[in-house]
Amino acid sequence: MRKAAVIGWPIAHSRSPLIHGSWLAEHGIAGSYERIAVPPGEAGQFVRSLAERGLVGVNVTIPHKLDVLAAADEPEESARLAGAANLVWHEGGRIRCANTDGSGFLAHLDLMAPQWRAGERRVMLLGAGGGARALSYAFIAAGAQSVTLVNRTPAAAERIVADLSDAAYRQRVRLQVSAWDDRSRIVSDRDVIVNTTSVGMKDIGSLGLDLAHAHPRTVVADIVYVPLETGLLADAKARGLTIVDGLGMLLHQAVPAFERFFGVRPTVTPELRARIVSDIMGR
Ligand code: ATR
């Protein structure tokens with residue numbers, strides 16, 4: 001029986017077992033997927049011993065995404081350039097890792113708002129934490145025309161641009177930083193706007209982003225999924241813009257992980273989404 005898990009600290013609220021458990025049942029696979037609480041500082045050691053623990057691999061959440069990247073023998077480009085890994089597995093005696101957060105976000109964006117690829121593909125990311133870094137890499141790989149990072153603390157955004165500049169150059173993507181105070185002014189010539197900051201989570205402030213001058217084709221997305229409709233998304237919706245919520249990223253980042261662990265590529269169905277939504281609402 002193939003065994004996989006999600007590791008984090010704390011881990012009790014992770015929805016990954018619900019997602020993977022639903023797919024195991026749907027495909028009649030005799031596998032298991034559990035939650036394992038791994039204290040800070042111990043994740044590197046943990047993933048080095050996956051085989052001894054009888055695990056094919058693990059998903060990784062806060063605070064371990066950087067430590068497991070450092071502990072892996074062969075990080076894929078997605079993890080190296082995102083500077084973090086959310087998927088670790090062993091293969092041929094080697095520990096490998098990848099980052100599927102960014103590609104999961106893109107998969108969901110392509111489903112919900114495929115028109116973004118047909119336009120000029122100018123992307124604006126609010127924030128410069130791990131989420132912004134993973135999305136910057138994913139948008140570069142997806143062939144955006146430009147990716148503009150806007151962060152309250154500009155130095156963090158400058159670091160992402162410096163670290164990803166080679167990848168952006170190879171893909172001919174303009175990767176740049178704009179001033180936080182200019183965020184509302186540059187909205188008018190963006191095709192995709194994504195909030196990757198923690199603003200929007202329950203009771204945590206407002207971004208102060210004015211969407212009044214957004215083009216009607218602009219897609220507005222959030223990686224926050226509690227609440228499902230953040231203040232930013234509610235505002236965009238009221239203005240008739242296409243919105244993409246953060247739950248899609250959570251669901252779609254799990255697809256390549258499940259395929260890696262159990263050998264079947266699963267689908268994100270409306271039923272699965274509804275099950276996770278009701279779990280989130282119930283807490
Ligand atoms: P993660 O790695 O999970 O993405 P993080 O590193 O804590 O999270 O990043 C949080 C992001 O939210 C940062 O870009 C942070 O901005 P700073 O770099 O200036 O700290 C942003 N953020 C958090 N609270 C914010 C607020 N009240 N206004 C604007 N940005 C905020």
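The values are calculated or read from the model by the stated rules, or taken from the named source; none is laboratory data. No experiment lies behind these values; they were computed from the predicted model shown. Cβ atoms come from the backbone with ideal geometry, glycine included; neighbour counts cover every protein chain shown. Each accessible area value is taken on the protein alone, full model and side chains, heavy atoms only, with ligands, DNA and RNA left out. Shrake-Rupley method; radii C 1.70, N 1.55, O 1.52, S 1.80 Å.
Choose one of LEU111, ALA138, ALA128: the residue whose Cα lies farthest towards the positive end of the charge dipole of the range 14-160 (beta-carbon charges +1 Lys, Arg; -1 Asp, Glu; about the Cα centre).
Result: ALA128.
Hey, got the dipole for the chain? About the Cα centre, +1 on K and R Cβ, -1 on D and E Cβ, debye to the nearest 20?
180 debye
For the chain, give the percent of accessible area contributed by carbon and sulfur heavy atoms, probe 1.4 Å, rounded to a whole number. List each step's numbers first, then the result.
Values: 6500 of 12680 Å².
Looking at the chain in its full context, I get 51 percent from C and S.
Roughly speaking, what is the centre-to-centre gap between the range 97-111 and the range 222-252 when only Cα atoms are used, to the nearest Å?
That distance is 16 Å.
What value in Å³ per residue do you get for the convex hull of the alpha-carbon atoms in the chain? Walk me through the numbers on the way to the answer.
Working: hull volume 36.2 nm³, N = 283.
Measuring per residue, one finds 128 Å³ for the Cα hull of the chain.
Just to confirm a number: summing +1 for Lys and Arg and -1 for Asp and Glu over residues other than TRP89 whose beta-carbon lies under 10 angstrom from that of TRP89, what do you get?
Numbers: positive: ARG94, ARG96, ARG260; negative: GLU91.
It works out to a net charge of +2.
When only C-alpha pairs under 8 Å and at least 6 residues apart count, what is the relative contact order of the range 118-211, in percent?
Working: 150 pairs, mean separation 34.3, N = 94.
Taking the mean separation of contacting Cα pairs over the length of the range 118-211, I get 36 percent.
Apply the Karplus parameterisation 6.51 cos²θ - 1.76 cosθ + 1.60, with θ equal to phi minus 60°, to every residue of the range 205-217 and state each ³J(HN,Hα) to the nearest whole Hz, in sequence, with x for glycine and proline.
Once θ is set to phi - 60°, the couplings for the range 205-217 become x, 9, 7, x, 9, 8, 8, 3, 9, 5, 5, x, 7 Hz.
How long are the semi-axes of the ellipsoid equivalent to the range 34-120, from square roots of 5 times the Cα gyration tensor eigenvalues, in whole Å, largest first? Provide the component values of the computation, followed by the final result.
Numbers: eigenvalues 163, 34, 29 Å².
The equivalent ellipsoid of the range 34-120 has semi-axes of 29, 13, 12 Å.
What is the sum of charges, Lys and Arg at +1 and Asp and Glu at -1, for the other residues whose Cβ falls under 13 Å from the Cβ of GLU259?
Working: positive: ARG2, ARG260, ARG265; negative: none.
That sum, taken over residues with Cβ under 13 Å, equals +3.
Counting other Cβ atoms within 10 Å of each Cβ, which trypsin sites (Lys or Arg not before Pro) in the range 1-107 have at most 16 and sit in a DSSP loop?
Working: sites: ARG2, LYS3, ARG15, ARG35, ARG48, ARG53, LYS65, ARG80, ARG94, ARG96; in loops: ARG2, ARG15, ARG53.
Answer by residue number: ARG2, ARG53.
For the chain, what's the relative contact order in percent, using C-alpha pairs closer than 8 Å and at least 6 residues apart?
Numbers: 564 pairs, mean separation 44.6, N = 283.
Worked out over the chain, it gives 16 percent.
Taking the dipole about the Cα centre of the range 143-283, with the C-beta of Lys and Arg at +1 and of Asp and Glu at -1, give me whichever of PRO227, GLY200, ILE243 is farthest to the positive side.
ILE243
Rounded to the nearest 500 deg cm²/dmol, what is the calculated helix-only ellipticity per residue at 222 nm for the chain, with -39500 (n - 2.57) per DSSP H run of length n ≥ 4? Walk me through the numbers before you get to the answer.
Numbers: 10 runs with 107 residues, N = 283.
Taking each H run of at least 4 residues, the total per residue is -11500 deg cm²/dmol.
Taking only C-alpha pairs under 8 Å that are 6+ residues apart, what is the relative contact order of the range 161-276 in percent?
Details: 133 pairs, mean separation 20.5, N = 116.
Relative contact order for the range 161-276 comes out at 18 percent.
Report, to the nearest 10°, how far helix 247-262 tilts away from the longest principal axis of the Cα atoms in the chain, using its own Cα long axis and a range of 0 to 90°.
30 degrees
Where does the charge balance sit around PRO40 when Lys and Arg score +1, Asp and Glu -1, over other residues with C-beta under 13 Å from its C-beta? Mind dumping the intermediate values first?
Details: positive: LYS65; negative: GLU42, ASP67.
It works out to a net charge of -1.
I'd like to check one number: the per residue accessible area of the chain, probe 1.4 Å, reported in Å² as a whole number.
Details: 12680 Å² over 283 residues.
For the chain, the per-residue accessible area is 45 Å².
If you put +1 on each Lys and Arg Cβ and -1 on each Asp and Glu Cβ, how big is the dipole of the range 22-136 around its Cα centre, in Debye rounded to 20?
It works out to roughly 280 debye.
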